[in-house]
Amino acid sequence: MRTPLLFACLACVTVAIADDASKAKTDSKSAERVLFDGKTLEHWRAVDFAGGGEVSVKEEALVIGMGQPMSGVKWTGEALPKTNYEVNFEAQRVDGSDFFVGLTFPVKENPCSLILGGWGGGLTGFSSIDGMDASENETTGYMQVEKGKWYKVKLRVSDARVDAWVDDKKIAGFDHRGRKVGIRIEVEGNRPFGFSTYQTVGAIRKLKLRELTDDEAKSAIAEADKLKAEKESQN
């Protein structure tokens, strides 16, 4: 007579274990990976730009020295995700007057770059989309950059969109489905993931990456579809 009760208990245990395994999988995806420890340049290498400035660690920040015209670093650690991920960091223009963040990153099999403070000091956007740079595509924007101020930056790449925020304000985004996504030839050395500056000293700190959970990835697709439908209805 105890057998049904025993099976019921075993079934509950099995369900609990499955739930725990599912939760562990979700938690592992949402866990942040520290890409820069604030102490060393482990897993980072200076890009061999002609006239590139020194790359160093100062006051827990990765500092990209002023180049003539460009300087930069690239990630050399284990492979990073190509889609459904989020990058968070803080960035500062230490000196100079052009872009202090030129973050090159993967969008599935293609590279793309987020530009902050370019083309004379304040331009923002993504390069390149359908062959057009951040200065001439639909992501073109502007921000007032204060030298010596830390800006909180978030980049999100999903199967449908690429979006960026500065200090929790969305500054640029686009639906990459069916688009030609690429980079300028100058930042080829930053692939697959890296930072560059243009005649500017830039600093990066608190750099972390996490994969989107399955629910977040599904929600990103749904939101992208909604935005695309709204845009098409306005045309």
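Numbers at a glance
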{"read-out": "Selection from the stretch 100-115 of residues that are among the hydrophobic types (A, V, I, L, M, F, W, C) and either out of contact with any Gly (no Cβ under 6 Å at 6 or more places or on another chain) or in a strand (DSSP E or B) (or both)", "value": "VAL101, LEU103, PHE105, VAL107, CYS112, LEU114, ILE115"}
{"read-out": "Selection from the stretch 97-133 of residues that are out of contact with any Phe, Trp or Tyr (no Cβ under 7 Å at 6 or more places or on another chain), buried (at least 20 other Cβ atoms within 10 Å of the Cβ) and within 14 Å of GLY148 (Cα to Cα)", "value": "PHE100"}
{"read-out": "Lone unmet requirement of (1) farther than 18 Å from ILE64 by Cβ; (2) crowded, with 19+ Cβ neighbours inside 10 Å; (3) out of contact with any His (no Cβ under 9 Å at 6 or more places or on another chain) for ARG177", "value": "(2)"}
{"read-out": "One residue from THR3, THR83, THR40 being surrounded by fewer than 12 Cβ atoms within 10 Å (Cβ to Cβ) and modelled with pLDDT of 95 or more", "value": "THR40"}
{"read-out": "Positions within the stretch 69-80 being surrounded by fewer than 23 Cβ atoms within 10 Å (Cβ to Cβ) and either under 20 Å from LEU123 (Cα atoms) or of a type in the set (Phe, Trp, Tyr) (or both), in sequence order", "value": "PRO69, TRP75"}
{"read-out": "Long-range neighbours under 6 Å by Cβ, at least six apart or interchain, first residue in contact (Cβ under 8 Å) with a residue 12 or more places away in the chain and surrounded by 15 or more Cβ atoms within 10 Å (Cβ to Cβ) within the stretch 212-235, second among the hydroxyl-bearing types (Ser, Thr, Tyr) and assigned to a helix (DSSP H, G or I)", "value": "THR213/THR26; THR213/SER30"}
{"read-out": "Matching residues, the stretch 70-96, being assigned to a loop (DSSP other than H, G, I, E, B) and either among the small types (Gly, Ala, Ser) or within 23 Å of GLN144 (Cβ to Cβ) (or both)", "value": "GLY77, ALA79"}
{"read-out": "Residues of the stretch 48-62 classified as more than 18 Å from the chain's Cα centre (by Cα), surrounded by 12 or more Cβ atoms within 10 Å (Cβ to Cβ) and within 19 Å of ARG93 (Cα to Cα), total", "value": "7"}
{"read-out": "Subset tally (residues that are among the aromatic types (Phe, Trp, Tyr) and in contact with a Ser or Thr (Cβ under 8 Å, 6 or more places away or on another chain)) for the stretch 55-103", "value": "2"}
{"read-out": "Residues that are under 20 Å from ALA203 (Cα atoms) and either touching a Leu at 6+ places or on another chain (Cβ under 6 Å) or without any contact (Cβ under 8 Å) to a residue 40 or more places away in the chain (or both), drawn from the stretch 107-125", "value": "LEU114, ILE115, TRP119, GLY120, GLY121, GLY122, LEU123, THR124"}
{"read-out": "Residue, surrounded by the most Cβ atoms within 10 Å (Cβ to Cβ), within the stretch 180-198, restricted to residues that are among the hydrophobic types (A, V, I, L, M, F, W, C) and within 16 Å of the chain's Cα centre (by Cα)", "value": "PHE195"}
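Here is a yes/no grid of residues against (1) free of Cβ contacts under 8 Å to residues at least 40 places away in the same chain; (2) within 27 Å of LEU212 (Cβ to Cβ); (3) of a type in the set (S, T, N, Q):
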{"position": "PHE89", "(1), (2), (3)": "no, yes, no"}
{"position": "GLY96", "(1), (2), (3)": "no, no, no"}
{"position": "PHE105", "(1), (2), (3)": "no, yes, no"}
{"position": "SER128", "(1), (2), (3)": "no, yes, yes"}
{"position": "ASN137", "(1), (2), (3)": "yes, yes, yes"}
{"position": "TRP150", "(1), (2), (3)": "no, yes, no"}
{"position": "LYS154", "(1), (2), (3)": "no, yes, no"}
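The values are calculated or read from the model by the stated rules, or taken from the named source; none is laboratory data. Note that the structure is predicted; figures quoted are calculated from it, not measured. Backbone-built Cβ (ideal geometry, glycine too); neighbour counts: all protein chains shown.
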